[in-house]
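Engineer: The following block contains the structure, expressed as structure tokens.
The values are calculated or read from the model by the stated rules, or taken from the named source; none is laboratory data. Here the structure is a predicted model, which means the values were calculated and not measured. Because the Cβ atoms are built from the backbone with ideal geometry, glycine has one as well, and the counts that use them run over all protein chains shown.
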Amino acid sequence: MIAMKLHINTDYTGISPYPIMIILSFIVGLFVQYYFNVKRGINKNTSCKLILISPVMSVICAVLLTYYSSGRKYFGFSSIGGLVGMYMATLISAIIERKNGEIKIMLENCTFALPLMYSISKIGCLFAGCCHGIEYSGFLSVHYISNTCAEMALFPVQLLETIAFFIIFVVGIVLYKMHSRKSLYVTFGLSVSAKFIIDFFRESHNGKVLSFNQLLCLILWAVMIAVSWLYKRRKCGRFCLKRN
């Protein structure tokens, strides 16, 4: 039986798929976020401004996180930095437009869009050869071919991320359609957990107990738990005041 393998030549004569997929991820993700914002009562003007702010903030945070985490040695695009930028853009937009009462809705819509954005962006990583997996020659192993380096057989970690995060996106939307109150926390929790687990199969994790990305995932989990606790406490406080 012949094992199925993926052969990818990274010596592109034209435009690399990486920037194309990054741009496409923003287009699709921001459209999803805009659609849900408008559908859930957010002003169209506010939603349009968010489309302009989000890519800028996301790119800035993504590049800066990579720059400082590398000890100011190089620039790159950190997915977690991009996530932080998207949330910052949503908060800034809500504050500027004085939509404090709608912040929760806007953050929820941002959370629903993020797994889809990440899923699409990892296709670019797969064909560019960046963020690649550990050495692996089994089923669906990725063999990169280049004139500048020898052929490598690697675990298809980017493909796994694309599939996993698309499923998370679908799960989040289904829960939202079912009017589940847990749709936000499930989507965010699954995303952070998937990122944490899949990072074990990335080449950059070799020789480490926990990678920098995994430490950031633990911080994001702690933030989610804290936010959930504060929200429930605040909600409980309002309920008690009404009863009194």
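Engineer: Can you tell me which residues in the range 143-199 are among the polar types (S, T, N, Q) and in contact with a helix residue (DSSP H, G or I) (Cβ under 9 Å, 6 or more places away or on another chain)? Let's see the steps before the verdict.
Structural biologist: The initial filter retains those residues of the range 143-199 that are among the polar types (S, T, N, Q), namely 146-148, 158, 162, 180, 183, 187, 191, 193.
Q158, T162, S180, S183, T187, S191, S193, listed by residue number.
Engineer: Same structure, new question: When you go through V171, V223, V209, V142 one by one, which is the residue that is surrounded by fewer than 17 Cβ atoms within 10 Å (Cβ to Cβ) and more than 28 Å from Y68 (Cα to Cα)?
Structural biologist: Values: V223 fails: more than 28 Å from Y68 (Cα to Cα); V209 fails: more than 28 Å from Y68 (Cα to Cα); V142 fails: surrounded by fewer than 17 Cβ atoms within 10 Å (Cβ to Cβ).
One residue alone meets the criteria, V171.
Engineer: Next question. Step by step: first the residues of the range 11-26, then only those that are part of a helix (DSSP H, G or I) and of a type in the set (S, T, Y), then the one that is modelled with the lowest pLDDT. Which residue is that? Break it down into steps so the answer makes sense when it comes.
Structural biologist: Restricting attention to the range 11-26, the residues satisfying the condition of being part of a helix (DSSP H, G or I) are 17-26.
Cutting the leftovers down to of a type in the set (S, T, Y) gives us 18, 25.
Numbers: Y18: 92, S25: 97.
Of everything passing the filter in the range 11-26, Y18 is modelled with the lowest pLDDT.
Engineer: While we're here: Applying the selection to the range 27-45, what residues are free of Cβ contacts under 8 Å to residues at least 60 places away in the same chain and in a helix (DSSP H, G or I)? So that I can check it myself, show each step before the final result.
Structural biologist: First pass over the range 27-45, keeping only residues free of Cβ contacts under 8 Å to residues at least 60 places away in the same chain: 27, 31, 34-35, 38-39, 43-45.
The answer is I27, F31, Y34, Y35, V38, K39, K44, N45.
Engineer: Among (1) of a type in the set (A, V, I, L, M, F, W, C); (2) farther than 18 Å from I105 by Cα; (3) out of contact with any strand residue (DSSP E or B) (no Cβ under 6 Å at 6 or more places or on another chain), there is one condition L175 misses while meeting the rest; what is its number?
Structural biologist: Every condition holds for L175 apart from (2).
Engineer: Which one of V59, V63 is more than 25 Å from N206 (Cα to Cα), free of Cβ contacts under 8 Å to residues at least 40 places away in the same chain and either part of a helix (DSSP H, G or I) or among the small types (G, A, S) (or both)?
Structural biologist: V59
Engineer: Identify, from the list G81, G101, the residue that is out of contact with any Lys or Arg (no Cβ under 6 Å at 6 or more places or on another chain), over 15 Å from R202 (Cα atoms) and at pLDDT below 90.
Structural biologist: Details: G81 fails: at pLDDT below 90.
The match here is G101.
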